[in-house]
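To start, the structure itself, in structure tokens.
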Amino acid sequence: MIDEAAKLLARSRFVIAFTGAGVSAESGVPTFRGLGGLWKHYRAEELATPEAFRRDPHLVWEFYKWRMRLILKTKPNAAHMALAELERMGILKAVITQNVDDLHREAGTERLIELHGNIFRVRCTNCGYREYLKASGRVEKFVGKKSLPKCPKCSSLLRPDVVWFGEPLPRKEIDEAFSLAERADVVLVIGTSGVVYPAAYIPQIVKETGGKVIEINTERSGITPIADVFIRGKAGEIMEQLLEKIKGLIG
Ligand code: APR
Ligand code: ZN
């Protein structure tokens, strides 16, 4: 299976990657639905919806600050690194991710589309103010504060710049992702249960426009039925092997 995937990727013209929480599992970032997943311990409706934030912003901010602190202690794993290397080799044109953990960026991926936002970015609930906390070096101070974060421009409540259940995906990102999917002749789907839409349409668009779907997952997912190649395994381990085989093929 890995050999078949390596051949497809080495021969490809326009590869994109579509990733979910499973690509960050080996970095120690909890997934949502698998064993030990966040939604197994918490109710998503109470923490990741606009209603939850309106009802109890303190609780929602506590949850996101806890996740920010946890993610700050993690680093990209071999899967993130391999994807950044495939981009440098000119094989991978873009990573489209559902993850908000910033690990693809930390690994060096340049062309990155974050469909569900970024946990280290905050935005104002009132004016257009947005801040990427890592750029302004304010992350540690921000997660350490107990009080509700307020907009420096208009003093309204700040919120995590992530997409909650029931919210639309950012227009620019979803348009760019769909047009990349139409151009791709191969999509490398890594570590997603493939049950959250519209993100999960990405591999289907590649398939419908004649492309091939390669999936890496520790178990079958909602994408597996349309996968041309399904590789059961851990993202870090498989991506490391895949990268070596591709290098061997293109010399
Ligand atoms: N390697 C590869 N795949 C893995 C690994 C691993 N080490 N560990 C877990 N997986 C797989 C699981 O089998 C599962 O199919 O990763 C997938 C994780 O699925 P989810 O937890 O549902 O995460 P994801 O698909 O990214 O969720 C999509 O739902 O909660 C919302 O907005 C949130 O972006 C998230 C979206
Ligand atoms: Zn504001």
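Does Glu131 satisfy the criteria of being more than 11 Å from ligand 1 (Cβ to nearest atom), open to solvent by 60 Å² or more (accessible area, probe 1.4 Å) and not assigned by TED's automatic domain parsing to the domain that holds Ile190?
When the stated conditions are applied, Glu131 does not pass them.
Read through the list (1) out of contact with any Gly (no Cβ under 6 Å at 6 or more places or on another chain); (2) surrounded by 15 or more Cβ atoms within 10 Å (Cβ to Cβ), then give the number of the only condition that Arg13 fails.
Looking at each condition in turn, Arg13 falls short on (2).
Let's see how each residue does on (1) away from ligand 2 (no atom under 16 Å from the Cβ); (2) among the polar types (S, T, N, Q); (3) touching a residue at least 40 places away in the same chain (Cβ under 8 Å):
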| site | (1), (2), (3) |
| --- | --- |
| Phe14 | yes, no, yes |
| Gly20 | yes, no, yes |
| Val23 | yes, no, yes |
| Ser27 | yes, yes, yes |
| Arg33 | yes, no, yes |
| Gly37 | yes, no, no |
| Arg43 | yes, no, no |
| Ala48 | yes, no, yes |
| Leu59 | yes, no, no |
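Which residue, of Phe53, Phe63, is within 16 Å of ligand 2 (Cβ to nearest atom), assigned to a helix (DSSP H, G or I) and among the hydrophobic types (A, V, I, L, M, F, W, C)?
Selected residue: Phe53, the only one of Phe53, Phe63 that is within 16 Å of ligand 2 (Cβ to nearest atom), assigned to a helix (DSSP H, G or I) and among the hydrophobic types (A, V, I, L, M, F, W, C).
Can you name the residue in segment 211-236 that is among the aliphatic types (A, V, I, L, M) and open to solvent by 20 Å² or more (accessible area, probe 1.4 Å) and is also nearest to ligand 1 (Cβ to nearest atom) among such residues?
Of everything passing the filter in segment 211-236, Ala227 is nearest to ligand 1 (Cβ to nearest atom).
Being touching a Lys or Arg at 6+ places or on another chain (Cβ under 8 Å) and either within 13 Å of ligand 1 (Cβ to nearest atom) or open to solvent by 70 Å² or more (accessible area, probe 1.4 Å) (or both) narrows it down to one of Pro160, Pro203, so name that one.
The unique qualifying residue is Pro160.
Since Arg130 meets every condition but one in (1) more than 16 Å from ligand 2 (Cβ to nearest atom); (2) basic (Lys, Arg); (3) in contact with a Cys (Cβ under 8 Å, 6 or more places away or on another chain), which condition does it not meet?
If we test Arg130 against (1) more than 16 Å from ligand 2 (Cβ to nearest atom); (2) basic (Lys, Arg); (3) in contact with a Cys (Cβ under 8 Å, 6 or more places away or on another chain), just (1) comes out false.
Is it true that some residue in segment 5-20 is among the charged types (D, E, K, R) and under 18 Å from Ala235 (Cβ atoms)?
Within segment 5-20, none of the residues are among the charged types (D, E, K, R) and under 18 Å from Ala235 (Cβ atoms).
Being within 13 Å of ligand 1 (Cβ to nearest atom) and either of a type in the set (D, E, K, R) or at pLDDT below 95 (or both): is that true of Arg88 here?
no
Can you name the condition, by its number, that Ser155 falls short on among (1) closer than 30 Å to Lys234 by Cβ; (2) not in a helix (DSSP H, G or I)?
(1)
The values are calculated or read from the model by the stated rules, or taken from the named source; none is laboratory data. Owing to the predicted nature of the structure, the values given are computational and were not obtained by experimental measurement. Neighbour counts run over all protein chains shown; Cβ positions are idealised from the backbone, glycine included. The accessibility values were calculated without ligands, DNA or RNA, using every heavy atom of the protein model including side chains. Shrake-Rupley method; radii C 1.70, N 1.55, O 1.52, S 1.80 Å.
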